[in-house]
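Chemist: Dumping the structure here so I can ask a few things about it.
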Amino acid sequence: MKHSDLAADVFSQGVCCSQAVFSAFAPDYGLNRDIALKVSAGFGAGMGRMAHTCGAVTGAFMVLGLKYGAASGDREAKEKTYRLVREFAELFKAKNGALGCKELLGCDISTPGGFEAMKSQGLHAKVCSKAVHDACEILDAMLQG
């Protein structure tokens, strides 16, 4: 099953965007899916519904760290990870126009009115599902190399 399909499936079950992306890839790199869901839980909706960086993006950053990140002072691994994070961000932004929830959704979900607007306009299904799918597709392409 494709990572985007795995992520879409778990996203449709009610987990947040960061959890959907991170948990779709985590087992490939030795991390249990349930642990991945817990680790990534606070990053959804732009970091705990603060409407900052999209959770699909932060989930992808965690995947890149899981594959390429340094567990020690390995400067080369650190620099490679940072480079790939920037590359992912540029690719995601080119495809979606922004990295932040406010910009992607066109409303501020950190406020009650913005959260209601997101729900009433069906933005979770339209925008967030696309962000999860796009993050997985971009990661799949990046991780091939």
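The values are calculated or read from the model by the stated rules, or taken from the named source; none is laboratory data. These numbers were taken from a predicted model, which means no experiment stands behind them. Using ideal geometry, Cβ is built from the backbone for each residue, glycine included, and neighbour counts are taken over all protein chains shown. Calculation scope for accessible area: heavy atoms of the full protein, side chains included, ligands and nucleic acids excluded. Shrake-Rupley method; radii C 1.70, N 1.55, O 1.52, S 1.80 Å.
Chemist: Could you give me the residue pairs with C-beta distances under 8 Å whose first residue belongs to the range 44-57 and is modelled with pLDDT of 95 or more, whose second residue is acidic (Asp, Glu) wherever it lies, and which are 6+ apart or on separate chains?
Modeler: Cβ pairs passing all conditions: ALA51/ASP108; ALA56/ASP134.
Chemist: Another question about this same structure. Might you check whether a residue that is over 18 Å from GLY14 (Cβ atoms), open to solvent by 20 Å² or more (accessible area, probe 1.4 Å) and touching a residue at least 60 places away in the same chain (Cβ under 8 Å) occurs anywhere in the range 116-137?
Modeler: Yes, the range 116-137 contains a residue that is over 18 Å from GLY14 (Cβ atoms), open to solvent by 20 Å² or more (accessible area, probe 1.4 Å) and touching a residue at least 60 places away in the same chain (Cβ under 8 Å).
Let's see how each residue does on (1) of a type in the set (Phe, Trp, Tyr); (2) modelled with pLDDT of 95 or more; (3) under 15 Å from ASP134 (Cβ atoms); (4) out of contact with any Gly (no Cβ under 8 Å at 6 or more places or on another chain):
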position	(1), (2), (3), (4)
TYR82	yes, yes, no, yes
CYS101	no, yes, yes, no
GLY106	no, yes, no, yes
PRO112	no, yes, no, yes
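Chemist: Only one of these conditions is not met by SER72: (1) over 13 Å from ILE138 (Cβ atoms); (2) at pLDDT 95 or above. Which number is it?
Modeler: Going through (1) over 13 Å from ILE138 (Cβ atoms); (2) at pLDDT 95 or above one by one, SER72 breaks only (2).
Chemist: Residue by residue through the range 17-51, note down the ones that are more than 12 Å from the chain's Cα centre (by Cα), surrounded by fewer than 23 Cβ atoms within 10 Å (Cβ to Cβ) and within 17 Å of PHE115 (Cβ to Cβ).
Modeler: GLY48, ARG49, MET50 - these are the residues of the range 17-51 that are more than 12 Å from the chain's Cα centre (by Cα), surrounded by fewer than 23 Cβ atoms within 10 Å (Cβ to Cβ) and within 17 Å of PHE115 (Cβ to Cβ).
Chemist: While we're on this one: Does the range 67-83 hold any residues that are loosely packed, with under 14 Cβ neighbours inside 10 Å and either of a type outside the set (Asp, Glu) or not in a helix (DSSP H, G or I) (or both), and which are they?
Modeler: ALA71, SER72, GLY73, ASP74, ARG75, ARG83
Chemist: Here's another thing I want to ask about it. Do we find that GLY113 is loosely packed, with under 12 Cβ neighbours inside 10 Å, not in a helix (DSSP H, G or I) and not basic (Lys, Arg) in this structure? Even if it seems obvious, please write down each step before you answer.
Modeler: Numbers: loosely packed, with under 12 Cβ neighbours inside 10 Å: yes; not in a helix (DSSP H, G or I): no; not basic (Lys, Arg): yes.
So GLY113 does not fit the description; no.
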